[in-house]
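> Dropping a structure here in structure tokens format, bear with me for questions.
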Amino acid sequence: MHPTYDLTQVDQEVEVRRSRKRVRTVTAWREGGRTVVAIPARFTRAQEAEWVRRMLVRLATQERRRRPSDDELASRAADLSSRYLQGRAVPTSVRWSGNQGRRWGSCTPSDGTIRISDRVRGMPRWVLDYVLLHELVHLLHAGHGPEFWAELEAYPRTQRARGFLEGYSYLEERGPGQPQGGAERDGDEDEDERDEDEHEHDDAERDPERDPEHDAVPGAEHETVTVGDEPAVGERDGVTLRR
């Protein structure tokens, strides 16, 4: 069982995974609602605490550098509507949201608002584009009927993006020790039970825990550094960022 604890000073849950195979690298990535930091098994608790804090800073810096703002997100949505929907989908606002739960995004047709989950930040641009288009199409078609999918198929990477998100969910949500197999769920199976005024784009599948030696879930933001043979608390020399 990997230790999980809350660092109140950074307001996020962190899980540390130790690996005997990992000797010279420390890697951090986002996984669901927490941050995972993979470290060499030989680290002391003091070294663990130092490297967790160091990696959180590096990962946050990387994400700020790469992720678009709300304004950029809204601009991207407008471009996609123009390119694939003849400009017919015109949201009143498009924003990132940290309270989407299992959803990739949501749309409220009555007021034209679209919210995209923070979990999509750092994914490939073509995946973000698909999630945006999915919600934009809900401004034109409330449900997930044939007309909805016909509109969405205008985007050439629809199937690829759906596969990416399903795989991401599988890798993200399967808990430690769970078997590789498992029952599949249709992401839209509960659509009829939802409020008809809000349409949600869910992640739906279950996910395997990765080997601690693996890096981030494919497409997610992650950060890896190489450490010295005997990293010390507060050490700064010999730390190189892998690109």
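> Just to be sure before I move on: is Val36 assigned to a strand (DSSP E or B), of a type in the set (A, V, I, L, M, F, W, C), under 16 Å from the mean Cα position of the chain (by Cα) and more than 25 Å from Ala150 (Cα to Cα) in the structure I sent? So that I can check it myself, show each step before the final result.
On the way: assigned to a strand (DSSP E or B): yes; of a type in the set (A, V, I, L, M, F, W, C): yes; under 16 Å from the mean Cα position of the chain (by Cα): yes; more than 25 Å from Ala150 (Cα to Cα): yes.
Yes, satisfied.
> Quickly run through segment 141-164 and pick out the residues that are buried (at least 16 other Cβ atoms within 10 Å of the Cβ), of a type in the set (A, V, I, L, M) and closer than 15 Å to Ser81 by Cα.
Result: Leu152, single match.
> Still on this structure: Output yes when any residue across segment 120-136 is without any contact (Cβ under 8 Å) to a residue 12 or more places away in the chain and either buried (at least 21 other Cβ atoms within 10 Å of the Cβ) or in a helix (DSSP H, G or I) (or both), and no when none is.
Initially, segment 120-136 is screened for residues without any contact (Cβ under 8 Å) to a residue 12 or more places away in the chain, giving 125.
From the residues that got through so far, the ones that are either buried (at least 21 other Cβ atoms within 10 Å of the Cβ) or in a helix (DSSP H, G or I) (or both) too are 125.
Looking through segment 120-136, at least one residue is without any contact (Cβ under 8 Å) to a residue 12 or more places away in the chain and either buried (at least 21 other Cβ atoms within 10 Å of the Cβ) or in a helix (DSSP H, G or I) (or both).
> From the residues in segment 79-113 that are in a strand (DSSP E or B) and of a type in the set (S, T, N, Q), which one is surrounded by the most Cβ atoms within 10 Å (Cβ to Cβ)?
First, the residues of segment 79-113 that are in a strand (DSSP E or B): 93-97, 103-108, 113.
Now narrow it down to the ones that are of a type in the set (S, T, N, Q): 93, 97, 106, 108, 113.
On the way: Ser93: 14, Ser97: 18, Ser106: 22, Thr108: 19, Thr113: 18.
Only one residue fits best here, namely Ser106.
> Please state which of the following conditions Ser75 fails to meet, knowing it meets all the rest: (1) outside the structural domain of Ile114 (by TED's automatic domain parsing); (2) modelled with pLDDT of 90 or more; (3) not β-branched (Val, Ile, Thr).
Among (1) outside the structural domain of Ile114 (by TED's automatic domain parsing); (2) modelled with pLDDT of 90 or more; (3) not β-branched (Val, Ile, Thr), Ser75 violates only (1).
> Residue under question is Thr61, and the condition is that it be within 19 Å of the chain's Cα centre (by Cα) and modelled with pLDDT under 95; does it hold?
yes
> Can you tell me which residues in segment 137-162 are touching a residue at least 40 places away in the same chain (Cβ under 8 Å) and outside any helix (DSSP H, G or I)? I'd like the intermediate steps shown before the answer.
Looking only at segment 137-162, we keep the residues that are touching a residue at least 40 places away in the same chain (Cβ under 8 Å), and these are 137-140, 142-144, 151, 154-155.
Residues satisfying the conditions are Leu139, Leu140, Ala142, Gly143, His144, Ala154, Tyr155.
The values are calculated or read from the model by the stated rules, or taken from the named source; none is laboratory data. Keep in mind that this is a model prediction, so the values were computed, not measured. Neighbour counts run over all protein chains shown; Cβ positions are idealised from the backbone, glycine included.
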